[in-house]
1. Give the average, rounded to an integer, of partner chain Cβ atoms located within 10 angstrom of each Cβ in A:71-78.
2. Near residue A:283, which aspartates and glutamates are there with a Cα under 15 Å away, not counting those fewer than 8 places off in the same chain?
3. Debye sum, Cα scatterers, segment A:1-90, no solvent: what log₁₀ I/I(0) at q = 0.22 1/Å?
4. Specify the angular offset, from 0 to 90 degrees and rounded to the nearest 10, of the alpha carbon long axis of helix B:38-52 from the longest principal axis of the alpha carbons in chain B.
5. Can you say what percent of the DSSP beta bridges in chain A, counting only those with both residues inside, are antiparallel? Round to 5.
6. What order do you get for B:232, A:117 when you list them from fewest to most C-beta neighbours inside 10 Å?
7. Taking H as built 1.01 Å from N, whose amide H comes closer than 5 Å to the amide H of residue A:116, not counting residues under 5 places away?
8. Enter the angle in degrees (range 0 to 90, nearest 10) between the Cα long axis of helix B:70-79 and the first principal axis of the Cα atoms of chain B, meaning the one along which they spread out most.
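No lab work stands behind these numbers, since they all come straight from the coordinates. If you're wondering where the values come from, they're calculated on a predicted model, not measured in any experiment. Backbone-built Cβ (ideal geometry, glycine too); neighbour counts: all protein chains shown.
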Amino acid sequence: MAKVLIVAEHDGKTLNPSTAKCVACAASIDGAEIDIVVLAAAVGDIAAQAAEIAGVSRVLTVERAENEYPISAILAPQIAALAGDHTHVFGPSTTFGKDLMPHVAALLGVNQVSDIMSVESSHSFKRPVYAGNAIVTVEVAEGSVVVATVRVASYQAAAGGNSAAVEAASADVALPTHTRFVGLESGASDRPDLQTATSVVSGGRALGSEEDFDLIYKLADALNAGVGASRAAVDAGYCPNDMQVGQTGKIIAPDLYIAIGISGAIQHMTGIKDAGTIVAINKDEEAPIFEVADIGLVADLFKVVPELTSALS
Amino acid sequence: MDRILVGLKRVIDYNVRVQVKSDGTGVETDGVKMSINPFDEIALEEALRIKERGEANEVIAVSIGTSEAQQQLRTGLAMGADRAILVTADGYLDPLSVSRIFLSLAEKENAGLVMLGKQAIDGDNSQIAQMLAALWGRPQATFASGVTLDGDTARVVREIDAGLETVEVDLPAVISVDLRLNEPRYVKLPDIMKAKKKPLDEVALADLGIEAGPEVKELSYAPPEARQRGVMVEDVAGLVAALKDKGLA
Ligand SMILES: Cc1cc2nc3c(=O)[nH]c(=O)nc-3n(C[C@H](O)[C@H](O)[C@H](O)COP(=O)(O)OP(=O)(O)OC[C@H]3O[C@@H](n4cnc5c(N)ncnc54)[C@H](O)[C@@H]3O)c2cc1C
Ligand SMILES: Nc1ncnc2c1ncn2[C@@H]1O[C@H](COP(=O)(O)O)[C@@H](O)[C@H]1O
């Protein structure tokens, strides 16, 4: 029978929604028993939140000062030691999980499956490759532990309402000191989080400047939406890096995605494949984004975006 | 630091619209343009800048694959790498085996830094740097958008979901690079000529004595579900009406 260990993602206080999405993925393995492991300097609140996720049997906690920051060289040996009799070890395919899970896999002497988008059987999975231009079905050898990241945009978070047992676990392993956290410069704002927002408004190179990117924020605020951007807009310095959507940015699945002044390069589109409704505003009717947009408007953004903002306010 | 190893993977050029073969065994590669993985060019550029600042003595470009990867290594030499190593292996190689190859080269060459791309744009795995760090027992700093060296340590700015994180790592270390780290230089014709004389050593995988990892088998390839072209609206009023129709406004 499958026994899945999920590594909780958190910021030291709050559990990241990616964890409940990993639970949803694990729950699609027939008869899976699901444990979550929380590694933190103070596990209390995070473990309590993890225990509420439906379908979770146990929450294992490892409270250590060294676990204050998510440094993979420190977390991975503890996770490998706790993997024990689990048949699967899952983490989210956020930058946290992408950094951590291959390290865990290598310590366990196995390969890792990146970005599970669907579970075919306990050892076989679908995942995207070539920027989402192909979907490959992969199979892990029977009897080998499955270490994987879960493509969070492919799953709805598992429900709450549970009260799983919380147990302190010990992972008595030597931890390296060769990697030290120095600081985090966060673009955090009061707007809905890009990765979980139900609506997202994104701006591209066409915005032309940091000042004019404000048009995007204003429309987003009218819709209570998260804000995204193309790589070109981030590279040009119109907005911070954590807003990039796409192959090398965030993969998101909002109900509504509004792309403004974005051409629709394949590397961008792979980040919004699972969006509900895609709206595109672009002055070039030949822009590739119109081939996939559910609603398209050929227009100059500087004219129509303020109009749209006031119509929706 | 003495040496920097840089991984240069030969992949389908990022401008190519990749097509799945009709028999589902993989993607079309016949007559398709191949290039250095874009992230790897950035890794090489950064290694060259470190050397040009006098902080390293030698930059070695490494590729693992068929002998055709010589092309990408020659480009790397033309960009400024001092020498190249091609580990020849036919067919699919699992990430753990690739990481073991990098480990064996890093030890043999006594590397102070191994610089890799954050992901290869074919398999989109994003695993090699992390696995190598685990096997080597050395630090990893992934998704780098800033690298500064200071004696035996490196300060790396990492692009993560929450923003920009800075870590300090002791050398030797593994760094995987993100797109905004730098803009790779263009290769000039005289450099291409010069590169022909630089050493490019070939080693057969079998001669490295590396045990293959337990494989993750690729069963079949399929094209993704395609999205359909939707409706075009004339103006903002039309757009708002269409959104209301879908219950989105
Ligand atoms: C390895 C790799 C990874 C990448 N990863 C990503 C990624 O994760 N995310 C990403 O976004 N990109 C990524 N890219 C870059 C991608 O290929 C494109 O270059 C990028 O998405 C283009 O951004 P853009 O659409 O804003 O700019 P452009 O392609 O320049 O498009 C601008 C659009 O704005 C329109 N426009 C101009 N003026 C106006 C106006 N006044 N009103 C309305 N419309 C106007 C134009 O018609 C045009 O369609 C990656 C590239 C590589 C090589
Ligand atoms: N066959 C290869 N040859 C050279 N470098 C490689 C190879 N495979 C992976 N790499 C390096 O490892 C990085 C990450 O690859 P991956 O983990 O496969 O996405 C790439 O950007 C390369 O720098």
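1. If you average over the peptide's residues, the count of other-chain Cβ atoms is 4.
2. Hits, sequence-local ones excluded: A:291, A:300, B:234, B:235.
3. For the requested q values the scattering log ratios are -1.06.
4. 40 degrees
5. 20 percent
6. Least to most surrounded, the residues fall as B:232, A:117.
7. Distant-sequence amide H within range of residue A:116: A:149, A:150, A:151.
8. 80 degrees
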